[in-house]
1. Using Cα pairs under 8 angstrom and six or more residues apart, how large is the relative contact order of region 1-79, in percent?
2. For region 48-54, just list the computed ³J(HN,Hα) in residue order, Karplus coefficients 6.51, -1.76 and 1.60, θ = phi - 60°, integers in Hz, with x standing in for Gly and Pro.
3. Return the FRET efficiency for the residue pair Arg68, Val3: r is the Cβ-Cβ distance, R0 is 25 Å, and the value is rounded to the nearest 0.05.
Amino acid sequence: MTVYEYKVIPAPSKGRKVAGVKGAEARFAHTLEAEINDLAAEGWDYLRSDILPSEERQGLTSTHTVYRSVLVFRRALLPAEVTEPPKDAEPETQQQQIEVENEADPDDIADNEPPSAETDPSR
């Protein structure tokens with residue numbers, strides 16, 4: 001199974017001036033192309049663009065929603081880079097939950113056993 005890491009960057013809001021590129025649309029397209037190519041050179045694959053809501057403070061007590069355009073990239077991780085989740089992390093599936101429950105610590109089992117007549121002074 002291939003594991004990916006993702007990178008999200010803000011989409012450019014306006015095109016940069018470049019020699020030989022005329023018009024707002026062409027400058028914007030060139031800027032977007034440059035962003036995608038720069039990250040592709042680092043091994044990132046362009047996945048998609050999204051417009052996502054973001055709540056921002058307005059004044060002291062109120063907030064308002066602003067919509068942000070972002071570019072989403074991903075790249076495959078090498079098997080050596082993939083890390084296992086920590087032992088105390090929440091299991092993602094029911095099967096993982098069963099496996100976690102079956103991996104009981106021997107100290108926990110000893111603590112949960114009912115006291116025997118030999119060790120219980122009240123008997």
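No lab work stands behind these numbers, since they all come straight from the coordinates. Fair warning: this is a prediction, and the values are worked out from it, not measured in the lab. For neighbour counting, all protein chains shown are included, and Cβ atoms are generated from backbone atoms with ideal geometry for every residue, glycine included.
1. Once divided by the residue count of region 1-79, the mean separation gives 40 percent.
2. 5, 10, 9, 10, 10, x, 9
3. Efficiency, from the Cβ-Cβ distance: 0.40.
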